[in-house]
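Note sheet for the following structure.
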Amino acid sequence: MTTSRHRAPTTGDSLADQVIDALPDWITYLIQINALIADRMGLVVTDLHCLHVLQRDGPTTTGALAIEVGLTPGAASRMVDRLVAAGCVRRVPDAADRRRVLVEATDEGAGRAEDHYAGLTARTREDLASYDEDQLRALLHFVRSSEASARAEVRRLRTRR
């Protein structure tokens, strides 16, 4: 994998090539940030991913979390146990089916995560302040389409085991 940090763009490189070359370094730093925040919260990275899924999608079952985070059902149960012990999530009965138990993020857990990401959020807002509306729309389109592509690639890789 070649990155912009290790290879200067050449005159033949398109802007798209330069963006693609720059992404691995950015992603690596984001992975490091997630690991540092998880550690400071007394969690592991997959626990932090679980908390993000719950904040994004709302309460769900441990089985659904296992699929979304990429864990076995047993590992997902242990993950939820850790998050409960850390005060980040709680188990609640499903109002639609009292036999099912849902996992939901607590306000405390969500707040702790937001506090840890506050610095990155502020820096990102500063970075985005120099972009006009059309540029921000283009960035948003890129982020959303790249997320969809990454999600599709995760599904593809999981089915090729």
* Asked: Does any residue in the range 136-153 that is farther than 15 Å from residue 19 by Cβ come within less than 9 Å, Cβ to Cβ, of a residue that is assigned to a helix (DSSP H, G or I) six or more places away or on a different chain, and which pairs are these?
  -> 136/128
* Asked: If you go through the range 48-63 one residue at a time, do you hit one that is closer than 25 Å to residue 159 by Cα and acidic (Asp, Glu)?
  -> yes
* To do: Can you confirm whether the range 102-115 contains a residue that is over 30 Å from residue 63 (Cα atoms) and either assigned by TED's automatic domain parsing to the domain that holds residue 55 or aliphatic (A, V, I, L, M) (or both)?
  => no
* Would you mind telling me which numbered condition in (1) closer than 30 Å to residue 161 by Cα; (2) within 18 Å of the chain's Cα centre (by Cα); (3) not assigned by TED's automatic domain parsing to the domain that holds residue 19 residue 63 fails? => (2)
* Structure fact -> When restricted to 72, 124, the only residue in the same structural domain as residue 49 (by TED's automatic domain parsing) and hydroxyl-bearing (Ser, Thr, Tyr) is 72
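Here's the yes/no breakdown for (1) within 16 Å of the chain's Cα centre (by Cα); (2) hydrophobic (A, V, I, L, M, F, W, C); (3) closer than 18 Å to residue 51 by Cα:
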residue	(1), (2), (3)
120	yes, yes, yes
127	no, no, no
139	no, yes, no
144	yes, no, no
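The values are calculated or read from the model by the stated rules, or taken from the named source; none is laboratory data. Not measured: the values here are computed from a predicted model. We place every Cβ from the backbone using ideal geometry, glycine too, and count neighbours over all the protein chains shown.
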